[in-house]
Amino acid sequence: MKLAIMTGVVALLLLALIFELLRRRQLREKYAVLWLVVGLVTLPLGFIPSSLDNVSSWLGVASGASLVLFLAVVFLLIVCIHLSWEASRLEDETRSLAEEVALIRADLRDMKDRQADLEAELEQARTSRAGGAANGANGHPVGIVTQRDGKAVLGER
Amino acid sequence: MNADHRVLIIIPAWNEAASIADVIAEVRDELPAYDVLVVNDGSTDDTERMALDAGARVVSLPYNLGVGGAMRLGYRYADENDYDVAIQLDADGQHDPRYVPKLIDGLGEARLVLGARFAGEGDYQVRGPRRWAMSLLSGVLSRMAKTRLDDTTSGFRACDREIIKLFAQWYPVEYLGDTVETLVRVIRLGHPVGQVPVAMRPRAAGTPSKSPIKAAVYLGRAMITLLLAINRR
């Protein structure tokens with residue numbers, strides 16, 4: 001009966017681990033449910049390994065243990081395939097984000113260049129009119145910057 | 001294709017600081033009317049700065065995605081900025097920009113035009129498994145497209161608005177997917193494909209691999225890619 005205690009304790013530890021991860025919100029719910037079910041199924045099987053013997057003899061499998069082993073391998077394979085699928089999907093998503101970041105950064109660079117050009121032009125206009133009559137009522141020079149065909153045009157009010 | 005079409009030249013570049021400036025300078029010299037976009041594919045060297053200084057527009061991916069990843073971004077840029085024609089050209093200087101007008105002429109009858117290295121022009125030669133892989137690919141794809149395609153893995157190609165839209169949302173990142181699989185998809189969607197003979201120049205920087213093991217691996221991957229591409233929906 002030592003084996004039953006060992007497997008049962010492992011099942012208990014597994015269940016506790018899943019519960020703890022879930023409690024700390026480290027596992028997404030869709031995975032948590034899956035692993036909780038796995039834990040709950042293995043717990044009774046761990047303590048009473050012979051409980052599957054009826055099912056296995058009905059299926060023609062010599063012992064319950066080898067049936068559990070077989071099912072476990074199949075289950076783990078399916079989980080692995082699912083995770084590969086999930087990883088591929090995540091890669092697709094990060095790829096789209098990377099593209100988005102690249103486009104936004106390029107746009108930002110263009111904007112900065114345009115802004116620098118505009119500021120330079122504004123500064124030039126300001127200095128060339130310093131002391132002139134182009135000052136507004138409050139003493140500040142008045143300039144209107146408009147855009148025409150993507151080029152900055154500085155006009156007086 | 002008339003003169004007022006907007007043409008974008010897309011150059012995918014990954015750590016090509018040694019050659020990118022010369023390539024851009026040559027393209028701008030030969031084709032002053034066309035815009036040049038360098039897709040910096042997560043380079044760790046000065047590629048981005050060199051390309052900007054040479055006067056190209058640059059979009060930089062935050063990490064390396066491979067040619068396919070870089071190209072989808074290029075086509076996305078072309079799509080979002082309403083270009084009518086997109087040309088793909090390598091950053092290592094082996095594609096001669098003087099052939100670009102010929103590729104664009106080819107867009108009259110075809111939606112996707114390949115610059116083919118084996119179609120008479122130049123003296124491009126490969127041997128062994130790599131050659132078998134290339135002739136297998138060109139045999140199968142020529143039959144599918146019902147036209148002669150001598151160089152299906154060519155990275156020198158031109159396409160029109162319709163294909164830009166397709167590639168902007170779908171462009172495989174896998175190895176060989178960027179050439180072979182895109183070709184299979186375009187042919188299966190019923191778009192006409194054509195080729196124009198081009199001469200390739202030796203690379204301006206870097207050396208092509210000559211190892212027979214790599215060539216054999218290439219053959220295997222080419223066959224897997226082709227099989228998968230043909231069976232994909």
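Read-outs: derived from the displayed coordinates by stated rules, not from any lab. Please read these numbers as outputs of a predicted model, since none were measured by experiment. With ideal geometry, Cβ positions are generated from the backbone for all residues, glycine too; neighbour counts draw on all protein chains shown.
Results, tabulated for the structure shown:
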{"read-out": "Within chain B, percent of DSSP bridges classed antiparallel, to nearest 5", "value": "25 percent"}
{"read-out": "5 angstrom amide H check on B:A116, placed H, neighbours 5+ away", "value": "B:V196, B:V198"}
{"read-out": "Phi-based couplings in Hz for region B:25-32 (Karplus 6.51, -1.76, 1.60; Gly and Pro marked x)", "value": "4, 5, 4, 5, 5, 6, 10, x"}
{"read-out": "Eligible aspartates and glutamates near B:K146 by straight Cα distance, threshold 18 Å, same-chain separation 8 or greater", "value": "B:E109, B:E181"}
{"read-out": "In Hz, Karplus ³J(HN,Hα) per residue of region A:74-88 (6.51, -1.76, 1.60; θ = phi - 60°; x = Gly, Pro)", "value": "4, 4, 5, 4, 4, 4, 4, 4, 4, 5, 4, 4, 4, 5, 4"}
{"read-out": "Two-site label geometry, A:V9 and A:R28: point separation in nm, points 7 Å out along Cα→Cβ", "value": "3.5 nm"}
{"read-out": "Rel. contact order, % - alpha carbon contacts under 8 angstrom, at least six apart, chain B", "value": "24 percent"}
{"read-out": "Order of A:W85, B:W14 - criterion: other Cβ atoms within 10 Å of each residue's Cβ, fewest first", "value": "A:W85, B:W14"}
{"read-out": "Tail fraction, Cα-Cα pairs, region B:1-82, threshold 18 Å, whole percent", "value": "39 percent"}
{"read-out": "Descending semi-axes in whole angstrom, ellipsoid equivalent of region B:7-54, from the Cα gyration tensor", "value": "18, 11, 7"}
{"read-out": "Translational D in µm²/s for region B:38-144 (Stokes-Einstein at 20 °C, 1.002 mPa s, Kirkwood Rh from C-alpha pairs)", "value": "131 µm²/s"}
{"read-out": "Positive-end residue of B:T152, B:V38, A:A125, charge dipole of the protein assembly as shown with Cβ unit charges", "value": "B:T152"}
{"read-out": "Peptide A:94-105, shielding by other chains (average Cβ, 10 Å cutoff)", "value": "6"}
{"read-out": "Distant-in-sequence amide H partners of B:D35 (H built 1.01 Å from N, under 5 Å)", "value": "B:V7, B:I9"}
{"read-out": "Dipole of the protein assembly as shown, positive direction: furthest Cα of B:I213, A:L108, B:I104, with charges on the beta-carbon", "value": "B:I213"}
{"read-out": "Alpha-carbon gyration tensor eigenvalues x 5, square-rooted, for chain B, Å", "value": "25, 21, 18"}
{"read-out": "Region B:164-186-region A:62-107 distance, computed between alpha-carbon centres (Å)", "value": "23 Å"}
{"read-out": "Options B:T182, B:V67, B:N15, ranked by Cα towards positive dipole end of the protein assembly as shown, top entry (Cβ charges)", "value": "B:T182"}
{"read-out": "Point-charge dipole on Cβ atoms (K/R +1, D/E -1) for chain B, about Cα centre, debye to 20", "value": "1280 debye"}
{"read-out": "DSSP-loop trypsin sites (Lys or Arg not before Pro) across region A:8-105, with at most 12 other Cβ within 10 angstrom", "value": "A:R24, A:R25, A:R28"}
{"read-out": "Sequence-distant residues sharing a close amide H with B:D46 (under 5 Å, placed H)", "value": "B:A17"}
{"read-out": "Two-decimal ratio, region B:142-233, of alpha-carbon radius of gyration to 2.2 N^0.38 Å", "value": "1.17"}
{"read-out": "Rg(Cα)/(2.2 N^0.38 Å) for the protein assembly as shown, N = residue count", "value": "1.42"}
{"read-out": "Equivalent ellipsoid semi-axes, region A:5-141, via Cα gyration tensor eigenvalues times 5, rooted, Å", "value": "72, 18, 8"}
{"read-out": "Residue with peak Gaussian network fluctuation, chain B [Cα springs, cutoff 10 Å], from B:L89, B:L219, B:L114", "value": "B:L219"}
